[in-house]
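Have a look at the structure below, then the notes.
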Amino acid sequence: MFGLIKKYRRRRLLERSIPELWIDAVTEHLPIVAYFSPPEARGFLSHLKILMWEKLWIGAQGFELDEHTKVTIAAQAARMARGLPLSVYDRHSEFVVYGEDFVHPDDELPGPVHGEAHHFGTVVLSWPAVQEGLRYPCRGYNPVLHEMAHILDMSSGYFNGTPVLHHGSDYKPWATVCQYYFTAMRDHPEQSFLDLYGAGDESEFFAVATEAFFELPEIVSHEAPDLFAELRRYYGIDPMIIPCDCESHESPEDGDYEEVGYPLIPPPDPLDNPFF
Ligand SMILES: [Zn+2]
């Protein structure tokens, strides 16, 4: 019964049109949306509505969480889920956003925290860290992608680096490939093309691999074509070169990837894009 009510509410919600302000925020902070194919743009828009209108948004310690800030955060989560079913974030309930990096008095890790995902469905973010991620969209550091990857991971009930995959036959190749690169990262950290934060455990590996898949697709497809293929099959999209105006695209190792970050083709006419 409750499922039916939720379904009905969601259908009504998806029929609503979005405020102009959302388009302004997305255009400003996530210009890559202009490159989405029509099905991807429709997936993006539906996820964006669900994230904005179904989730609870809380500004922590007096941080004023305005609509522009919310859309900027939600758009990144919608971007990564645009090829996934609309139910993928159902275990996620709320965003708690701090106006600065936060520190837990009882945390084992010293220093400020940029984001956290909890098993009960809360995602905590530092707004300055979110902005930092947006400023360099081709570096493989993005706290929203990272924490929402943990939420996807948790869709299976555990933080174990394996979200609910689309087919039963997907699990074996996923486990084989992820285990291979996770072990390689632990055994040979000096050779890793991924952020070494991923060596912490399988869940962090998936979160870090997700950041790289979306922000450094050329590097992942070059260094680990089989990992790239598993992530592409799961996310249901081909990540693309991100249009950005960074002065330098820091690559993790030898600076061999200068072209990362630049679009290969000019954006198509926005009139063809159902988001705009
Ligand atoms: Zn993490």
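The values are calculated or read from the model by the stated rules, or taken from the named source; none is laboratory data. These numbers were taken from a predicted model, which means no experiment stands behind them. Please note: Cβ atoms are built from the backbone with ideal geometry, for glycine as well, and neighbour counts cover all protein chains shown.
Cβ separations smaller than 9 Å between residues 6+ apart or across chains give the following pairs from region 134-163 residues that are modelled with pLDDT under 90 and within 16 Å of the ligand (Cβ to nearest atom) to residues that are part of a helix (DSSP H, G or I) and hydroxyl-bearing (Ser, Thr, Tyr): 158/203. Among the residues of region 135-154, those identified as crowded, with 20+ Cβ neighbours inside 10 Å and among the charged types (D, E, K, R) are 139, 147, 153.
Of the residues making up region 184-213, those that are of a type in the set (Gly, Ala, Ser) and either more than 11 Å from the ligand (Cβ to nearest atom) or in a helix (DSSP H, G or I) (or both) are 184, 192, 198, 199, 203, 207, 209, 212.
If you check 170, 90, 201, which single one turns out to be over 19 Å from the mean Cα position of the chain (by Cα) and farther than 23 Å from residue 60 by Cβ? Let's see the steps before the verdict.
Working: 90 fails: over 19 Å from the mean Cα position of the chain (by Cα); 201 fails: over 19 Å from the mean Cα position of the chain (by Cα).
Sole residue among the options that is over 19 Å from the mean Cα position of the chain (by Cα) and farther than 23 Å from residue 60 by Cβ: 170.
A residue that is under 15 Å from the mean Cα position of the chain (by Cα) and touching a residue at least 24 places away in the same chain (Cβ under 8 Å) occurs somewhere in region 48-63.
Condition check ((1) modelled with pLDDT under 95; (2) under 26 Å from residue 138 (Cβ atoms); (3) not basic (Lys, Arg)) across all residues:
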{"position": "24", "(1), (2), (3)": "yes, yes, yes"}
{"position": "37", "(1), (2), (3)": "yes, yes, yes"}
{"position": "48", "(1), (2), (3)": "no, yes, yes"}
{"position": "51", "(1), (2), (3)": "no, yes, yes"}
{"position": "63", "(1), (2), (3)": "yes, no, yes"}
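When the criteria are applied in full, residue 157 meets the requirement of being surrounded by fewer than 21 Cβ atoms within 10 Å (Cβ to Cβ) and outside any helix (DSSP H, G or I). Every test in (1) assigned to a helix (DSSP H, G or I); (2) more than 12 Å from the ligand (Cβ to nearest atom); (3) surrounded by 14 or more Cβ atoms within 10 Å (Cβ to Cβ); (4) not hydroxyl-bearing (Ser, Thr, Tyr) is passed by residue 131 save one, and that test is (3). Screening residue 171 on (1) more than 16 Å from the ligand (Cβ to nearest atom); (2) under 17 Å from residue 80 (Cβ atoms) shows it passes everything except condition (2).
Report yes if some residue within region 90-111 is surrounded by fewer than 21 Cβ atoms within 10 Å (Cβ to Cβ), modelled with pLDDT under 95 and under 17 Å from residue 43 (Cβ atoms); otherwise report no. Yes. Of the residues making up region 99-121, at least one is more than 12 Å from the ligand (Cβ to nearest atom), under 16 Å from the mean Cα position of the chain (by Cα) and closer than 18 Å to residue 81 by Cβ.
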